[in-house]
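All remarks here apply to the structure that follows.
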Amino acid sequence: MTLVEKILSAHTGKKEVKAGEFLNVKVDMVMASDLTAHIAADQFEKMGAKKPFDSQKVIFVMDHFFPNKDVAAAEQIKRLREFSKKYGILFVEAVDGGIEHVYLPEKGLVLPGDVVVGADSHTCTYGALGAFATGMGSTDIAVAMVTGEIWMKVPQTIKFNYSGKLPTWVTGKDLILYTIGRITVDGALYMAMEFTGEAIKGLSMEGRFTMANMSVEAGAKTGIVAVDEKTKAYIEGRSTRPYNVYTTDSEADYAAIVDYDVSRLEPQVALPHSPDNVCGISEVSNIRVDQVVIGSCTNGRLEDFEYAARVLRNKKVHPDVRCIVIPGSQEVYLAALRAGFIEVFISAGAIVGPPTCGPCVGGHIGILAAGERCASTTNRNFIGRMGSPRSEIYLVNPAVAAASAITGRLTNPEEVVK
Amino acid sequence: MIRGKVHKFGKNIDTDAIIASKYANFSDPLELGKHCMENIDPDFGKRVEKGDIIVATTNFGCGSSREIAPMTIKGAGISAVVAKSFARIFFRNAINTGLPLLECAEAVEMSEQGDVLEIDLSMGTIRNVTKNLVFSAVPYPEFITELIEAGGLVEYVMKKMEEDNKKSK
Ligand code: SF4
């Protein structure tokens, strides 16, 4: 069996499961956000549920339009706060909060071998921990909240093997952009992507979260990385709950095995308006930007800000650019503050916002006007995602974003850091 | 029987195209429907007539998990979506919100903007009335048919909970 099949079989009580089978799977954590929880709450009440299947395993994280961007968001979040209190659901708002996909792993709420479902498409992020995690809609999530189970079809797995050591300034973001550029936005439709190889071994947990996060941009049900010493070190101190480590059998059936030699990869850019419209940074010339966003559930973790700070240290943001830095959580914010990164950003002329999804989803804090361009570390550059349908988004890694903030055009960090 | 005019779209129609996130706080399908496809086709909401059908190529509904995406399409008056393939979260959401989806590459190839289609959901057939052609959609897996017959996932689960309750009494 593949890693994914093993996790799913352990959650159904069946000895063996196969890709293509429909199963009822037990879940270890159920999540929804301020954007999706209200419909889940409606359905929960419609079903006449008295309480969630396990109040420690259902969590609502306020992050998309948080801090309340308008009256509608305020009303929604207020209702969810009251709903959570009434039914004893974990509720995360300002105190020690953050973007759901940054928050859950850092608080030890997802562990290897878990099955997690969330009413957010980027729930697949937790696959970086060797868990099976996938996004669904609010109604599916409501059912999981009530019953602790959800139906799913066991996905096939494509194995991606990255050989070689990554060059400087080339990150997990570049690996996943490169991959999506190759296989396109439906290249892994309904499947799981398993990331392996020397380059993945060398990657930080942050880089792995970034990769798993964007697997959905290739249509995948989830992205997953097998547990190793780095995973275990990450969990250390975050949770004491026991967990299960699974690995793919040597004779497992993959839908495909794809090999990439990434030892000479350069930073990648996804041009408007699709995450698979990818090229190397050297192939774009003189694309001016009006805004730079560094943050989100894709690249809003400590290492991302370390990359950005290395580029921005003792430099100035271009006078025509709004550079917006948004830590992915309060924990990341504090760590970045202590490491001196926040001071680097502010001294350079960047603005630092509170942990939120904000501009990533066109919610608030950095909406684009018609004709404006943004270099962004987020995961989607769909038409109108960040504001006007006539604006443009270029997806890049945090170092490229920072370098572009300095020059005012898409820039390889090599150019500004000697 | 579903009958309506074709509105044809290409590949990878994403959820931000179907309904921009700034409307994510709306919950009235009719209000949502007015903004359907706004980012890529600002007049779409005005052009659609009740019963019309969206025909698209691959990966329809990719992107976010927002359940308001199929709700918006229904709210706009669209009666079904025919595509070569659907994104998986969108597929689940459509089943759960009662928007009929049909997977049929030939019907997509052979249908043009403005053609009239007739769809028989129980048979899974799509008839292009304008061109006088009939196609069969890929049948749903048995489990999905069961869900649809129960009236959706919530209804299915409620029924099961009721049965379990009776058994335990
Ligand atoms: S940061 Fe962006 S992609 Fe991530 S959960 Fe928030 S809106 Fe979604």
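Can you tell me what share of the DSSP beta bridges in the stretch B:2-139 is antiparallel? A percent to the nearest 5 is fine. Please report the intermediate quantities before stating the final value.
On the way: 12 of 24 bridges.
About 50 percent, rounded to the nearest 5.
Find the sum over both chains of the accessible area lost when B and A are paired, probe 1.4 Å, and report it in Å² to the nearest 100.
Values: alone 9290 and 16090 Å², together 21920 Å².
Rounded to the nearest hundred, the buried surface is 3500 Å².
If I take R0 = 35 Å and measure r between the Cβ atoms of A:Thr247 and A:Asp96 in this structure, what FRET efficiency does the formula 1/(1 + (r/R0)^6) give, to the nearest 0.05?
Numbers: r = 34 Å, r/R0 = 0.97.
Using R0 = 35 Å, I get an efficiency of 0.55.
Tell me what chain A gives for mean residue ellipticity at 222 nm when only DSSP H runs of n ≥ 4 count, each as -39,500 (n - 2.57), the sum divided by the residue total, rounded to 500 deg cm²/dmol.
Numbers: 15 runs with 131 residues, N = 418.
When only DSSP H runs of four or more count, the value is -8500 deg cm²/dmol.
Take every Cα-Cα pair in the stretch B:100-169 and report what % of them are more than 19 Å apart.
Distances greater than 19 Å cover 49 percent of the Cα pairs.
Specify the inter-centroid distance of the stretch B:83-150 and the stretch B:57-82, based on alpha-carbon positions, in whole Å.
Going from one Cα centre to the other spans 13 Å.
From zero outward in steps of 5 Å, how is the percent of C-alpha pairs of the stretch B:90-129 spread across the bins?
6, 19, 27, 24, 17, 7
Over the stretch B:2-139, give the accessible area per residue in Å² for a 1.4 Å probe, as an integer. Present the calculation step by step, with values, prior to reporting the outcome.
Working: 5150 Å² over 138 residues.
Per-residue accessible area for the stretch B:2-139 comes out at 37 Å².
Tell me, what ³J(HN,Hα) does each residue in the stretch A:216-231 have, in order and in whole Hz, if you take phi through Karplus 6.51 cos²θ - 1.76 cosθ + 1.60 with θ = phi - 60° and put x for Gly and Pro?
For the stretch A:216-231, the Karplus-derived couplings read 5, 5, 9, x, 6, 6, 6, x, 9, 10, 5, 5, 9, 4, 5, 4 Hz, x marking Gly and Pro.
Could you work out the Rg to Rh ratio of the stretch A:290-339, with Rh taken as the Kirkwood radius (inverse of the mean 1/r over all Cα pairs)?
Numbers: Rg = 11.0 Å, Rh = 11.3 Å.
Answer for the stretch A:290-339: 0.97.
Between the stretch A:200-245 and the stretch A:109-185, what is the C-alpha centre distance in whole Å?
9 Å
Restricting the calculation to Cα positions, tell me the Rg (one decimal) and the Dmax (whole number) of the stretch A:3-260 in Å.
Every Cα atom of the stretch A:3-260 included, Rg and Dmax give 18.0, 56 Å.
Counting residues in the stretch A:158-209 as N, plug N into 2.2 N^0.38 Å and put the Cα Rg over that result.
On the way: Rg = 11.0 Å, N = 52, 2.2 N^0.38 = 9.9 Å.
So the stretch A:158-209 has a normalised radius of gyration of 1.12.
Quick one: the Cα spread of the protein assembly as shown along its three principal axes, in angstroms, biggest first?
That gives 67, 55, 52 Å along the principal axes, largest extent first.
Provide Rg over Rh for the stretch A:269-415; use the alpha carbon set for both Rg and the Kirkwood Rh (inverse mean inverse pair distance).
Working: Rg = 13.6 Å, Rh = 14.6 Å.
Ratio of gyration radius to Kirkwood radius for the stretch A:269-415: 0.93.
Cα centroids of the stretch A:265-296 and the stretch A:1-64: how far apart, whole angstrom?
35 Å
Where does the charge balance sit around A:Ile383 when Lys and Arg score +1, Asp and Glu -1, over other residues with C-beta under 13 Å from its C-beta?
With Lys, Arg at +1 and Asp, Glu at -1, the neighbours total -2.
Could you tally the net charge around A:Glu217, taking each other residue with its Cβ under 11 Å from the Cβ of A:Glu217, Lys/Arg +1 and Asp/Glu -1? Provide the component values of the computation, followed by the final result.
Details: positive: A:Arg380; negative: A:Asp186, A:Asp276, B:Asp14.
Net of charged neighbours comes to -2.
Quick one: Kirkwood hydrodynamic radius for the stretch B:54-115, alpha-carbon pairs, angstrom, one decimal? Mind showing how you got there, number by number?
Values: mean 1/r = 0.0858 Å⁻¹.
Its Kirkwood hydrodynamic radius stands at 11.7 Å.
Once the cut-off is 24 Å, how many percent of the Cα-Cα pairs in the stretch A:142-264 end up in the long-distance tail?
On the way: 2463 of 7503 pairs.
The answer is 33 percent, as a whole percent.
What distance in nm lies between label points placed 7 Å from Cα along the C-beta direction at A:Ala256 and B:Asp164?
Each label point lies 7 Å from its Cα, and together they span 3.9 nm.
Most mobile of A:Arg264, A:Arg288, A:Arg182 per a Gaussian network model of chain A (Cα springs, under 10 Å)?
A:Arg264
Report the antiparallel proportion of the DSSP beta bridges in the stretch A:3-260 as a percent, rounded to a multiple of 5.
Once the DSSP bridges in the stretch A:3-260 are tallied, antiparallel ones form about 15 percent.
What fraction of the DSSP beta bridges in the protein assembly as shown is antiparallel, stated in percent and rounded to the nearest 5? Show your work: numbers first, answer last.
Working: 23 of 78 bridges.
Around 30 percent of the beta bridges assigned by DSSP in the protein assembly as shown are antiparallel ones.
Of all the Cα-Cα pairs you can form in the stretch B:2-139, what percent are over 21 Å apart? Show your work: numbers first, answer last.
Values: 3084 of 9453 pairs.
Of the Cα pairs, 33 percent sit more than 21 Å apart.
Taking a temperature of 37 °C and a viscosity of 0.692 mPa s, what whole-number D in µm²/s does Stokes-Einstein yield for the stretch A:266-311 with Rh from Kirkwood over alpha carbon pairs? Write down the numbers at each step before the final one.
On the way: Rh = 12.3 Å.
D = 266 µm²/s.
The values are calculated or read from the model by the stated rules, or taken from the named source; none is laboratory data. Everything numeric in this text was worked out from a predicted model, so none of it was measured. Note: ideal-geometry Cβ built from the backbone for every residue, glycine included; neighbour counts use all protein chains shown. For the accessible areas, the whole protein counts, side chains as well, though only heavy atoms, and no ligand, DNA or RNA atoms are used. Shrake-Rupley method; radii C 1.70, N 1.55, O 1.52, S 1.80 Å.
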